[in-house]
1. If Gly163 satisfies all but one of (1) more than 21 Å from Arg60 (Cα to Cα); (2) buried (at least 20 other Cβ atoms within 10 Å of the Cβ); (3) over 16 Å from the mean Cα position of the chain (by Cα); (4) not aromatic (Phe, Trp, Tyr), what's the number of the condition it fails?
2. Inside segment 1-101, counting only helices (runs of 4 or more DSSP H) that do not spill past its ends, which hold 1 or more residues that are at pLDDT 95 or above?
3. Among what's in segment 88-116 and is open to solvent by 10 Å² or more (accessible area, probe 1.4 Å) and under 11 Å from the mean Cα position of the chain (by Cα), pick the residue that is farthest from Tyr156 (Cα to Cα).
4. Tally the residues that are over 20 Å from the mean Cα position of the chain (by Cα) and either in contact (Cβ under 8 Å) with a residue 24 or more places away in the chain or open to solvent by less than 40 Å² (accessible area, probe 1.4 Å) (or both), restricting the search to segment 207-236.
5. Would you say Thr70 is open to solvent by 20 Å² or more (accessible area, probe 1.4 Å), in contact (Cβ under 8 Å) with a residue 12 or more places away in the chain and in contact with a helix residue (DSSP H, G or I) (Cβ under 9 Å, 6 or more places away or on another chain)?
6. May I ask you to verify whether Ile202 is closer than 21 Å to Ser63 by Cα and open to solvent by 20 Å² or more (accessible area, probe 1.4 Å)?
7. Quickly run through segment 240-256 and pick out the residues that are over 22 Å from Asp186 (Cβ atoms) and either outside any strand (DSSP E or B) or basic (Lys, Arg) (or both).
8. Go through segment 166-187 and give me each residue that's closer than 22 Å to Asp117 by Cα, of a type in the set (A, V, I, L, M, F, W, C) and either open to solvent by less than 70 Å² (accessible area, probe 1.4 Å) or in contact with a Leu (Cβ under 9 Å, 6 or more places away or on another chain) (or both).
Amino acid sequence: MYGNDFRDYAYDSICRRITHATKQQGLPSVTALLERVLHDPDSMELLLRSLTINVTEMFRTPSLFQTFRTKVVPFLHTYPSIRIWHAGCSTGEEVLSMSILLQEEGLYEKARIYATDIDQEALEQAQSGRVLIGSMQQYTNNYMMSGGTGSFSDYYSVNSEDGNKVTFNRSLLDHVIFAGHNLVTDQSFNEFHVIFCRNVMIYFNRKLQQRVHSLFHDSLAQFGVLAIGERETIRFSGFEQYYEQISESERLYTKIK
């Protein structure tokens, strides 16, 4: 009815999320939740946001971005154009981080960044370029530890109408294309030199993880780079033989075949 398929999400995780959503909507049982979402699209949106966990931050795992600068950026300079896919981009902090990194490394003008997510509300927030001001101290520290070469405060301004948020420079989103995409049901839509999909597959069962790895393999150009989360692995995915490690500790790989 709504086009979302959660059958291959990790069972324990999905059960916890459904229980949380039932309590959040003030309902006595999962059956009551089912009845409501079948007849109320707004209730379905609330459930969807409970099931799609949006946990992100700018320059999350700074050592990954540092390694990306030193080991991947030199290869990206050899391409006439670059296509990067942030799959499961959530509210966009990782996309902004990549835009800043590419600007500082002289790659932004020839880059196109595709930012996709299943959650339309998260995508709208990502497109706004707005971030809570309370996060900026942590994000500044992350930026510095990731090898940032400028002053992080130059990339944003405090909102005059909402002092609780900052707005990042619009130029950071000029080369970003936001779109809805479901890793469970949708297909490859381009060939990419870099794919970031971090801490998304931890919520999938083994079958779905293998499907997503197949999607990424099909979507990566030869010698393209895959970045996954620190709690994720390509081992036992059926695709480990198609990659070489750039950094095992940072879960950064290059496609060799």
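1. Looking at each condition in turn, Gly163 falls short on (2).
2. Working: elements: 11-24, 30-39, 41-51, 62-67, 73-76.
So the answer is 62-67, 73-76.
3. Only one residue tops the list, namely Gly88.
4. First pass over segment 207-236, keeping only residues over 20 Å from the mean Cα position of the chain (by Cα): 207, 222-223, 235-236.
Add one more test, that the residue is either in contact (Cβ under 8 Å) with a residue 24 or more places away in the chain or open to solvent by less than 40 Å² (accessible area, probe 1.4 Å) (or both), and what stays is 207, 222-223, 236.
Final tally of qualifying residues: 4.
5. Details: open to solvent by 20 Å² or more (accessible area, probe 1.4 Å): yes; in contact (Cβ under 8 Å) with a residue 12 or more places away in the chain: yes; in contact with a helix residue (DSSP H, G or I) (Cβ under 9 Å, 6 or more places away or on another chain): no.
No: the conditions fail for Thr70.
6. Details: closer than 21 Å to Ser63 by Cα: yes; open to solvent by 20 Å² or more (accessible area, probe 1.4 Å): yes.
Yes, satisfied.
7. Of all residues in segment 240-256, those over 22 Å from Asp186 (Cβ atoms) come to 240-241, 243-254, 256.
Residues satisfying the conditions are Glu240, Gln241, Glu248, Ser249, Glu250, Arg251, Ile256.
8. Phe168, Leu172, Leu173, Val176, Phe178, Ala179, Leu183, Val184 - these are the residues of segment 166-187 that are closer than 22 Å to Asp117 by Cα, of a type in the set (A, V, I, L, M, F, W, C) and either open to solvent by less than 70 Å² (accessible area, probe 1.4 Å) or in contact with a Leu (Cβ under 9 Å, 6 or more places away or on another chain) (or both).
The values are calculated or read from the model by the stated rules, or taken from the named source; none is laboratory data. Please read all numbers here as calculations on a predicted model, not as lab measurements. Neighbour counts are summed over all protein chains in view; Cβ atoms, including those assigned to glycine, are modelled from backbone coordinates with ideal geometry. Accessible surface areas use protein heavy atoms only, side chains included; no ligands, DNA or RNA. Shrake-Rupley method; radii C 1.70, N 1.55, O 1.52, S 1.80 Å.
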